[in-house]
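The values are calculated or read from the model by the stated rules, or taken from the named source; none is laboratory data. Quick caveat: nothing in here was measured; it's all calculated off a predicted structure. Cβ placement follows ideal geometry from the backbone for every residue including glycine, while neighbour counts extend to all protein chains displayed. We work out accessible area using only protein heavy atoms, side chains counted, and drop any ligands, DNA or RNA first. Shrake-Rupley method; radii C 1.70, N 1.55, O 1.52, S 1.80 Å.
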Amino acid sequence: MTTAATGAARRGAPRPRRSPTTALPFAVQLALLVAMAFAIPAQLYLAIPVADRIRTAYGVDAASAAWTGAAFSFAYALGFLVFGPLSDRVGRRPVLAGGALATAVTTALTAAAPGLGWFLAGRALQGFAAATFAPVALAYVTERAPAARRPVALSLLTTGLLGAGIAGQVFGELVTEHADWRAAFWPPALVYAAAAVAFWRILAPDSGPDSDAGPDSGPSARAVAGTALALLRTRGPAAVFAAALPVFGGFVAFYAVLERELRLTYGFDSNGLLLAQATGALGLLAGPLVNRRFGAAGPRALALAGYLTAAAGLLLALLAGIAGAPGAMIGAGALFVAGTGLIVPGIVGLLHHLAPHARGTAGAVNTFALFAGASAGQLAAAHLGLRPMLAVLVAATLLACLTVATGTRPRTPRPRPDSSSDSHPDSHSTRSLP
């Protein structure tokens, strides 16, 4: 073949996919995602300690101030249904980087709000922009982590998402103690802007599974909606979605009523509240450690163990509240956090098996359920006292455990003369769960 012909053939040949190995090692990418898992969702939780300062600044009652968190979390939950499927079309990296930049801008605008109405609008926009992170980061790790390390990687990421609850409250307490409440927004805005640059430079360039095929290659909005409805009608995924509702809702509600009880009944100051939150943060270590040692038991066993552990922590906290033992309540909180740290990677792993061909949509619906529960939890905590709230949470957590146990139980197929379809590699059901 002549040189000209060879050149023409080369020009006509399709370009090879850019290998993900051109990105930094996965451990570096995971470290960045875990750090932002602590930082980005923290904006939801810092509203708990800052709410009183905002109430005073704008001259509103406590119920109105509770919307400073709920406005964020409702928009946050809605955004998951948009950005999870969007990342299937355009890739994970563009959504994560663009979302971090949008979160930086909306966070700065929220800090500059002249009145409560503008502030709540800013919080809603901030929550919608921040929703680009959680479902897309979970999908990214699910796709990129080596199979043997995937449970631990998911556990680290979900530990960050849970740790955001502690980090946000600690940061909010420090701000209320030492600075104007608007300082809760300006420094994070700078962090999110830096994260946008880091996401673009550090994450693999072809983050989405089909990003090289162009933006029109992904599923349409109608197809995504159809997939979501199909998942909601399917026994296993529907059980997981229902059981996800009280997870973050319980987390937010527990710390909202605990902080109020410790401050008003037992006279805890800011340092005491920080110590209570730091004690709860010890429970975050359970997820990665248990996953590393017992991950082979499978996500279903992990999720069920998490629900039972969380329920035990809530029940102990309720008994301690009845007995008037604040130290025991704080210790029980660490047990509750430990259980929650097992639930989240467990149900994410369950969906990985139950919906292998719709992981992006399943992850978006699941994350929506998690944070829709967080919204409801914050509003419920504003209207219920410690003991009624804990009693509701114990019942909800046990009901969620029962839902996962029965709804995802492996089915044993009846023997049939023609059972070849059951062994087809594309045939998936709850009976294939580990």
Self-check item: With eigenvalues of the C-alpha gyration tensor scaled by 5 and rooted, region 324-378, Å
Solution: 30, 14, 5
Quiz item: With every protein chain left in place, what is the accessible area of I322 in Å² (1.4 Å probe, nearest 10)?
Solution: 110 Å²
Self-check item: Accessible area (Å², per residue) of region 74-118, counting only protein heavy atoms and a probe of 1.4 Å
Solution: 36 Å²
Quiz item: Mean projection of the alpha-carbon convex hull of region 247-380 over all orientations, in nm²?
Solution: 8.4 nm²
Practice problem: Give the peptides 25-31, 187-193 in descending order of average Cβ contacts within 10 Å, highest first. | Solution: 187-193, 25-31
Quiz item: If you look at just the Cα atoms of region 96-158, how large are its Rg and its Dmax in Å?
Solution: 15.7, 51
